[in-house]
1. Name the residues in region A:231-246 that are surrounded by fewer than 15 Cβ atoms within 10 Å (Cβ to Cβ) and either more than 21 Å from the chain's Cα centre (by Cα) or not acidic (Asp, Glu) (or both), would you?
2. For region B:114-160, which positions are among the polar types (S, T, N, Q) and either surrounded by fewer than 18 Cβ atoms within 10 Å (Cβ to Cβ) or in contact with a His (Cβ under 9 Å, 6 or more places away or on another chain) (or both)?
3. Given B:Val112, B:Val206, which one is among the β-branched types (Val, Ile, Thr), at pLDDT 95 or above and touching a helix residue (DSSP H, G or I) at 6+ places or on another chain (Cβ under 8 Å)?
4. Counting just the residues of region B:79-96 that are assigned to a loop (DSSP other than H, G, I, E, B) and touching a helix residue (DSSP H, G or I) at 6+ places or on another chain (Cβ under 7 Å), which one comes out nearest to A:Thr162 (Cα to Cα)?
5. Please state which of the following conditions B:Ile99 fails to meet, knowing it meets all the rest: (1) buried (at least 23 other Cβ atoms within 10 Å of the Cβ); (2) facing chain A (nearest Cβ under 9 Å); (3) within 21 Å of B:Thr47 (Cβ to Cβ).
6. Which ones in region A:124-135 are more than 7 Å from chain B (Cβ to nearest Cβ) and in contact with a Leu (Cβ under 6 Å, 6 or more places away or on another chain)?
7. Looking only at residues in region A:172-205 that are within 23 Å of A:Asp228 (Cβ to Cβ) and of a type in the set (Asp, Glu), which one is most open to solvent (accessible area, probe 1.4 Å)?
Amino acid sequence: MSENGYTKNEMMIAASARTLAGERICFVGVGLPNIVCNLAQRTVAPDLQLVYEAGVFGARPSRLPLSIGDPTLVSGSTAVTSMFELFAFYLQAGLIDAAFLGGAQIDRFGNLNTTVIGDYASPKVRLPGSGGACEIAIHARKVLVIMRQAQRSFVEKLHFRTSPGHSGDPEHDRMRGWFGSGPTSVVTDLATFGFDEGSGEMTLLTMHPRVTLEDVKGNMGWEPRVADDVGETPPPTDDELRIMRAELDPERVHTS
Amino acid sequence: MSKVATMADAVRELLRDGDTVAIEGFTHLICFAAGHEIIRQRRRDLTLARMTPDVIYDQMIGAGVARKLVFSWLGNPGVGSLHAVRRRIEHADPESLEIEEYSHFGMVCRYVAGASNLPFFPIRSYYESDIPSVNPNIRPMRSPFEDGTDVFVVPPLKPDLTIVHAQRATSTGDTQIWGLLGCQKEAAFAAERVIVVCEEIVDESVVRSDPNRTVIPGVVVDAVVEEPFACHPSYAQGYYDRDNAFYLEWERISKDPDALETWLKEWVYGLQNHAEYAERMAGRWDELKPGARMSGEVNYGEYA
């Protein structure tokens, strides 16, 4: 808890939820994205349809789901589908407006690694792997990334590219013919980033209250592009904090 | 003809050492009791397939039943890592584990190809990903039609044995599931042999009253095992909730090989069957029981 009454995670969750303003159909991931999407549905995106890769469309969870396959996602949802239908008819066919991804490593073009740290054949750390991330990165119209920022996770070179981001060549990206186009935003515990249209490169947009440019640069493995008009991320509102604490995460699993 | 069997007999008759076995269920309906029986029978050299190897495969791999793992997401969902699996992959401790990995959609389509008797299945995944570079079974292909779209194809997955859990089934194996469906149906149709484990064996009239809910017909099922609470600590929609405390506890147990061995002795090797497990867990069931939220009824129509 900071002296101003909210935690770093609460700032990150609130800033991330705001990136969903006006979105309609969102693919929800494990962990933090769960609470981010549920917050967005109660604030900036009341019409948001929550889609879970487990095969649920239009979830209305009555408790914070413990995993992406929680039974509360099913009860009261619009539709339960087979996983084939979910991935083929909803995701691959382009129905998903926005999706959350994260990873152990991200590079300046928004490529993500969720597979291994170290060499694939004899890894230092074996991570979960793709799950649905590889296809989500390709098919979701907007990919939103939420990750804690550190030198070891914001890296110059990924150890493994699980999910493709921008290529660094905008002409190549246009010719791919994918619904997706690489991540559109990255929200960390320190700052928010967008991606430069010309270069596809991650660009610092706002810094959270009391965070300095040195803090941001000191926690990433490359010299980032910085927007001309870098501002301060608005802190979590009373309303956002109340919803997170009283409704979504009363046990403070994600928000402390 | 009735296919009802005990778990011990079903596993003894339908699983052989060296087989490829899939225990499916996406978070929901994961048949832990079947995994425990396989451990208890000390099966060896299995190839374990599953989209999301979670705690049950950590237990099985920790117990030494497997030589290979085929998967798309490896972890203790919502909690952390599978440490027994990681020890084998990262340190070959106590021995190495061969792995073959896909994305979720790739795994689903492998079962679809297997169930449909197709030689491969094309998907628009894996573009500009490193996954195909470490798995030669994911191959690029160009559409033979005019659009010339580049796709990747994955090969069929046909398990020797698929084990699925369901809320209810008849004694001949007509199986009904509600809640998350995962790829239970695809994995069952793809398999050479199928064991259905259920919370309740019901009369055929129950199934016939609601045929849209039937996911797997008895014609592809070899054995039916009635085993209440067989998914614990996973869940069965409407019957019992996920026991999250156990998933959290597994993080600690799985990190320590000695603790894992002690757990297996106490909860698997030391018990005759799942009924004993359920009996010892008796204090948990009230807490995990959900409230009622009944579905509406539909009129199928009488056309006599």
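The values are calculated or read from the model by the stated rules, or taken from the named source; none is laboratory data. Computed from a predicted model, the values in this text were never measured in an experiment. Cβ atoms come from the backbone with ideal geometry, glycine included; neighbour counts cover every protein chain shown. Heavy atoms of the whole protein, side chains included, go into the accessibility calculation; ligands, DNA and RNA do not. Shrake-Rupley method; radii C 1.70, N 1.55, O 1.52, S 1.80 Å.
1. Of everything in region A:231-246, those that are surrounded by fewer than 15 Cβ atoms within 10 Å (Cβ to Cβ) and either more than 21 Å from the chain's Cα centre (by Cα) or not acidic (Asp, Glu) (or both) turn out to be A:Gly231, A:Pro234, A:Thr237, A:Asp238, A:Asp239, A:Arg242, A:Ala246.
2. Of everything in region B:114-160, those that are among the polar types (S, T, N, Q) and either surrounded by fewer than 18 Cβ atoms within 10 Å (Cβ to Cβ) or in contact with a His (Cβ under 9 Å, 6 or more places away or on another chain) (or both) turn out to be B:Ser116, B:Asn117, B:Ser125, B:Ser133, B:Asn135, B:Asn137, B:Ser143, B:Thr149.
3. After applying the criteria, what remains is B:Val112.
4. Of everything passing the filter in region B:79-96, B:Leu82 is nearest to A:Thr162 (Cα to Cα).
5. Result: B:Ile99 fails condition (1) only.
6. A:Ala133
7. Looking at residues that are within 23 Å of A:Asp228 (Cβ to Cβ) and of a type in the set (Asp, Glu), I get A:Glu197.
So that you can scan it fast, the table gives a plain yes or no per residue for (1) open to solvent by 30 Å² or more (accessible area, probe 1.4 Å); (2) within 14 Å of chain B (Cβ to nearest Cβ):
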{"site": "A:Met12", "(1), (2)": "no, no"}
{"site": "A:Gly29", "(1), (2)": "no, yes"}
{"site": "A:Ala40", "(1), (2)": "no, no"}
{"site": "A:Pro46", "(1), (2)": "yes, no"}
{"site": "A:Leu50", "(1), (2)": "no, no"}
{"site": "A:Leu66", "(1), (2)": "yes, yes"}
{"site": "A:Pro71", "(1), (2)": "no, yes"}
{"site": "A:Val80", "(1), (2)": "yes, yes"}
{"site": "A:Gln92", "(1), (2)": "yes, yes"}
